[in-house]
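Let me begin by presenting the structure, written as structure tokens, before commenting on it.
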Amino acid sequence: MRSRLPLTFLLAAATLALTSSPSTGFSNPAPQGENVKVIDVTAKKYEFDPSPIRVKQGTKVQLKITATDHTHGFRISELADGADPKAGPGLVFASAPDCLRIEKGQAATLEFVAKSPGTYPFKCCVHCGWKHNEMKGELIVEP
């Protein structure tokens, strides 16, 4: 015999499943049509342009990163410099922020919500030459 759950319970459970964040602290992407600040970034030996990148707190951001000279990578911290890890991430990503590999002449997109003010360091995460360790930048989230 099948049990029957009230429709309101089923709707509440479905809503919770669709809107809750996974245990890793990353959220689901926002629906299409939501205001998104798109920022074009270039990666080339041994710099990101622009850097620093400035956005307002609460902004949904898409970084469109293009590698202009050869393959690069992009990794950004979800925690601001000096932030307490117990407070949770200050950048909430549409997908897990791992090393985003960007092939020469190609673009890759990283999407997140700038939840908390602070300075978030980023760097190249694909070895790109002898000054690879100097290829860094900052995202500044302003209140």
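The values are calculated or read from the model by the stated rules, or taken from the named source; none is laboratory data. Note that the structure is predicted; figures quoted are calculated from it, not measured. Glycine also receives a Cβ, built like all others from the backbone with ideal geometry; neighbour counts cover every protein chain displayed.
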### Task
Filter segment 90-115 down to residues that are touching a Phe, Trp or Tyr at 6+ places or on another chain (Cβ under 8 Å) and of a type in the set (Gly, Ala, Ser) and give me whichever is surrounded by the most Cβ atoms within 10 Å (Cβ to Cβ).
Gly90
### Message
Restricting to segment 41-50, count the residues that are surrounded by 14 or more Cβ atoms within 10 Å (Cβ to Cβ) and outside any strand (DSSP E or B).
### Response
2
### Task
Test His132 against the criterion of being at pLDDT below 95, farther than 18 Å from Val36 by Cβ and not hydroxyl-bearing (Ser, Thr, Tyr), and give yes or no.
no
### Task
Filter segment 116-137 down to residues that are surrounded by 18 or more Cβ atoms within 10 Å (Cβ to Cβ) and in contact with a Pro (Cβ under 9 Å, 6 or more places away or on another chain), then give me how many there are.
2
### Task
Could you list, in sequence order, all residues of segment 110-129 that are assigned to a loop (DSSP other than H, G, I, E, B) and closer than 16 Å to Thr42 by Cα?
Cys124, Cys125, Val126, Cys128
### Query
Among Pro29, Pro22, which is outside any strand (DSSP E or B), at pLDDT below 95 and closer than 12 Å to Leu110 by Cβ?
Pro29
